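The values are calculated or read from the model by the stated rules, or taken from the named source; none is laboratory data. Here the structure is a predicted model, which means the values were calculated and not measured. Glycine also receives a Cβ, built like all others from the backbone with ideal geometry; neighbour counts cover every protein chain displayed. To get the accessible areas, we keep the full protein, side chains included, count just its heavy atoms, and leave off ligands, DNA and RNA. Shrake-Rupley method; radii C 1.70, N 1.55, O 1.52, S 1.80 Å.
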Amino acid sequence: MRSRGDYLCILTINDLGNYGNRLQNYALQEVLKEYGPVTTVDLQVGNFKIHGRMRYIFKKAKQLTMNSIRYASGKSNHVKAIRNSRFSSFTRKYVPDNLLVDSTTRGLQAWRNIHVKKAVIGSDQVWNYTFGLSDKDLALRLGSDFAPEQLLTYAASIGLDSIADERKPVFERYLNRIPSISVREERAKELVEQNSTQHATVVLDPTLMVSAERWKRIMPGFVRDDDRYVLTYFLGTPSPEQKRIIDRYAEEHGLRVRRINDKSDPETFAAGPREFVELFSKAQYVFTDSYHACCFSIIFGKDFKVYNRNSNGVSNMNSRMQTLFNLFDLTTSMSDETEIPTYDHRKINERLAQLQHSSKQWLDNAIQQ
């Protein structure tokens, strides 16, 4: 058994099926390793009936059972099982959450004799309470079970344009306990400062703090070197016109279309987080409505087109996109539905280096406090 040590602990959304969530978790962990050992806290929000190590064992056993059922029930479910397995193995190998568990019913529990040096809240939409969070769940995500001197946030996100009146007391109480706050969006900065006495700093998403060469180290060899393709990744539903634009672009450039998150393309749908990274690194062009798709396009120097997300007929693009585009002067990306933009990647890389430096400086100061 490893001896007692001073750990940096990440408090984030523990979503075993979300590419952006898994990869930002991994990226923040890699950034924090410079300061000491790092682990991710198993944050149990919602109606959990099983706690501690037994919940962790149950969760893994359930995943294995469901994957076996899907494997036996047909080709479509077999592909889903492969994808689920890749997500599970990524979390287990690259961002394990098996040292600390924190729940609304039992509080903070350690599965090993470790000491928490700092609890780092972020990134992703960790404070978006519309994901079914109660006030107690939200308080947990705001670090309620850690001492104030242990707390800081890195690129935390609310993911909302406003905070409901009934939720404001929770934010005010717990934000005021956090000595150092950084956020991912300009709107999140405004909301933190409107709902607490704290100052907030906008920093880079953790995925953008990890170099392309470092990301390539985890790529599994999922894509052939001679594969030439347009890559799409939509969380909403692309319109018929958008699909026509994508298909026309691919045909004009002699490329095929690979579609992440689309069951009509089972070869690509089976991708886990490592495969996701590789797909972006080798794409010729990217079409998307996803924030982290934009991040990985920037990391790997890919031109990309961003559409407003269309979900249930409602177009939505919140301030995380706006902040990203403003940081890198990419405002033309969404200026015209039919425009296919290209970018000056030398200029983007220079700006990325500047932002990495300033974000790292902020983190250095926050860790030392």
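For the range 292-322, which residues satisfy the criterion of being in a helix (DSSP H, G or I), open to solvent by less than 10 Å² (accessible area, probe 1.4 Å) and either modelled with pLDDT under 95 or of a type in the set (K, R) (or both)? It would help to see each step written out before you state the result.
The first filter runs over the range 292-322 and keeps only residues in a helix (DSSP H, G or I), leaving 292-299, 319-322.
Those still in the list that are open to solvent by less than 10 Å² (accessible area, probe 1.4 Å) too: 293-298, 321.
M321, the sole residue that qualifies.
Quick test for you: out of V210, V192, pick the one residue that is more than 30 Å from F87 (Cβ to Cβ), among the β-branched types (V, I, T) and open to solvent by less than 10 Å² (accessible area, probe 1.4 Å). If you could, list the steps in order and put the result at the bottom.
On the way: V210 fails: more than 30 Å from F87 (Cβ to Cβ).
Within the list V210, V192, the selection yields V192.
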When residues of the range 114-154 are limited to those that are acidic (D, E) and under 20 Å from the mean Cα position of the chain (by Cα), the one nearest to S182 (Cα to Cα): D124
Output for the range 217-245, where each listed residue is part of a helix (DSSP H, G or I) and open to solvent by 10 Å² or more (accessible area, probe 1.4 Å): P240, E241, Q242, K243, R244
Filter result (at pLDDT 90 or above and open to solvent by 40 Å² or more (accessible area, probe 1.4 Å)) within the range 328-341: I340
Residue list for the range 21-46, filter: touching a helix residue (DSSP H, G or I) at 6+ places or on another chain (Cβ under 6 Å), open to solvent by 10 Å² or more (accessible area, probe 1.4 Å) and in a helix (DSSP H, G or I): Y26, V31, Y35
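Look through L204, L235 and report the one residue that is at pLDDT below 95 and not hydroxyl-bearing (S, T, Y). I'd like the intermediate steps shown before the answer.
Values: L204 fails: at pLDDT below 95.
It is L235.
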Candidate set: the range 246-255, residues that are assigned to a helix (DSSP H, G or I) and open to solvent by 40 Å² or more (accessible area, probe 1.4 Å); chosen: the one farthest from P266 (Cα to Cα): E252
Those residues of the range 267-277 which are assigned to a helix (DSSP H, G or I) and surrounded by 20 or more Cβ atoms within 10 Å (Cβ to Cβ), in sequence order: T268, P273, R274, E275, F276, V277
Scope the range 111-135; condition more than 20 Å from R173 (Cα to Cα) and basic (K, R); matching residues: R112, K117
Search result, residues across the range 149-182 that are touching a Gly at 6+ places or on another chain (Cβ under 8 Å) and closer than 25 Å to Q322 by Cβ: T153, Y154, A155, A156, S157, I178, S182
Residue that is nearest to V223 (Cα to Cα) [pool: residues in the range 244-278 that are basic (K, R) and more than 25 Å from the chain's Cα centre (by Cα)]: R256
Lone unmet requirement of (1) out of contact with any helix residue (DSSP H, G or I) (no Cβ under 8 Å at 6 or more places or on another chain); (2) within 23 Å of F87 (Cβ to Cβ) for L279: (1)
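Going by the conditions given, is D262 surrounded by fewer than 17 Cβ atoms within 10 Å (Cβ to Cβ), modelled with pLDDT of 95 or more and in a loop (DSSP other than H, G, I, E, B)? Outline the logic, then answer.
Numbers: surrounded by fewer than 17 Cβ atoms within 10 Å (Cβ to Cβ): yes; modelled with pLDDT of 95 or more: yes; in a loop (DSSP other than H, G, I, E, B): yes.
So D262 passes the test.
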Count - residues of the range 193-221 that are in contact with a Leu (Cβ under 6 Å, 6 or more places away or on another chain) and of a type in the set (V, I, T): 1
First in the range 197-208 and part of a loop (DSSP other than H, G, I, E, B) and of a type in the set (A, V, I, L, M), second anywhere and at pLDDT 95 or above and surrounded by 20 or more Cβ atoms within 10 Å (Cβ to Cβ), Cβ under 7 Å, 6 or more apart: V203/Y154; V203/A155; V203/S182; V203/S359; L204/A155; L204/S359
